[in-house]
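Single-structure report; data block below.
The values are calculated or read from the model by the stated rules, or taken from the named source; none is laboratory data. Treat the numbers as computed from the prediction; the structure is a model and nothing was measured. Here the Cβ is made from the backbone with ideal geometry for all residues, glycine too, and neighbour counts use every protein chain on show. Calculation scope for accessible area: heavy atoms of the full protein, side chains included, ligands and nucleic acids excluded. Shrake-Rupley method; radii C 1.70, N 1.55, O 1.52, S 1.80 Å.
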Amino acid sequence: MDYKKVGKCIIINNKNFEDKTGMGTRNGTDKDAGDLTKSFRNLGFEVHIYNDRSCDDMEKLLKQAAEENHSDAACFACILLSHGEEGLIYGTDGPMAIKHLTALFRGDKCKSLIGKPKLFFIQACRGSEFDEGIQTDSGPANDTLETDANPRYKIPVEADFLFAYSTVPGYYSWRNPGRGSWFVQSLCSVLNEHGKQLEIMQILTRVNYVVATNFESQSDDPRFSEKKQIPCVVSMLTKELYF
């Protein structure tokens, strides 16, 4: 990177939610936030962490970040840790559209990041379906495979965004109350080991592999047991990115 600094990384860590949302406390998220802070600082990012923010707060602080001058930065990163549904992320007071936050960084709104990678990492559910997993040596069980419908919202048709979701559209995203979420822990592990050698898509492909192969849910309730997860990367990057 030929810039003075790697760039800013904003982490929004929502753990506690107002009763009216019906959302429970996200135990384990503080471990995720701490591990992400270490991993991204290690890559050279200037990391800022914000805990338990409302929808208004999230929009305001990202709007403020988008209005800053990023001329001497190579890229920008934002990490959202919260509850979610397809296309939505929860503030402490309820849900809002993810695109309201990401659109603040489009080329027409944030001139100093034009042509630079804008990375969004989103640890949240995208629905309530479970991935049952399938044995890799079994034949194609076409009668049991589900097709994933296209996401219901449109990501801005805008260059140089990358969205790394913890799961595919429509599905649950798993978090261990003691150890943190599968996606974030895998992301930190790969970044710590290979973050300065591999290109971002290679990094995230490895994260996909780790989540897909190393994790399976365990629960006393059979409805929640033996489930799998696969993260999802949506890239509109126009050049390779090395840290």
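Some notes on this structure:
- Rounded accessible area per residue of the stretch 153-221, 1.4 Å, Å²: 47
- Ligands, DNA and RNA left out, the accessible area of the chain computed with a 1.4 Å probe is 47% carbon and sulfur.
- Amide H to amide H, with H built 1.01 Å from N, Ser181 comes under 5 Å of Asp32, Asn176, counting only residues 5 or more places away or on other chains.
- Taking GluC sites (Glu not before Pro) as exposed when DSSP calls them loop and at most 10 other C-beta atoms lie within 10 angstrom, the chain has its longest site-free stretch at 1-131.
- In this calculation the C-beta distance from Lys109 to Glu216 is compared with R0 = 51 Å, giving a FRET efficiency of 0.80.
- The charge dipole of the stretch 156-229, taken about its Cα centre with unit charges on the Cβ atoms of Lys, Arg (+1), Asp and Glu (-1) only, comes to about 160 debye.
- Pairs beyond 18 Å (Cα-Cα), from Lys63/Lys196; Lys38/Lys239; Lys118/Lys239; Lys8/Lys38: Lys63/Lys196; Lys38/Lys239
- Only Lys, Arg, Asp and Glu carry charge here, each on its Cβ (+1 for the first two, -1 for the last two); on that basis the stretch 80-133 has a dipole of about 640 debye about its Cα centre.
- Dipole size of the chain about its Cα centre, with +1 on Lys/Arg Cβ and -1 on Asp/Glu Cβ: approximately 860 debye, rounded to the nearest 20.
- With all protein chains kept in place, the per residue accessible area of the stretch 1-120 amounts to 43 square angstrom at a probe of 1.4 angstrom.
- Label-point separation, Glu59 to Glu46 (7 Å along Cα→Cβ), nm: 2.6
- Computed from the Cβ-Cβ distance with R0 of 22 Å, the FRET efficiency linking Glu240 to Glu67 stands at 0.20.
- Shown is the FRET efficiency for Ser225 and Arg179, computed with R0 = 22 Å from the Cβ-Cβ distance and rounded to the nearest 0.05: 0.80.
- When the trypsin sites (Lys or Arg not before Pro) in the stretch 47-81 are filtered for DSSP coil states and for at most 12 other beta-carbon atoms within 10 Å of their beta-carbon, no site remains.
- The amide H of Val6, built 1.01 Å from its N in the peptide plane, has Ala74 as neighbours under 5 Å, considering only residues 5 or more places off or on other chains.
- Taking amide H as placed 1.01 Å from N in the peptide plane, Ile49 has its amide H under 5 Å from the amide H of Ile11, each at least 5 places away in sequence or on another chain.
- For the stretch 215-226, 3J(HN,Hα) computed residue by residue from phi via the Karplus equation (6.51, -1.76, 1.60; θ = phi - 60°) reads 10, 8, 6, 10, 8, 5, 8, x, 5, 10, 9, 6 Hz, glycine and proline entered as x.
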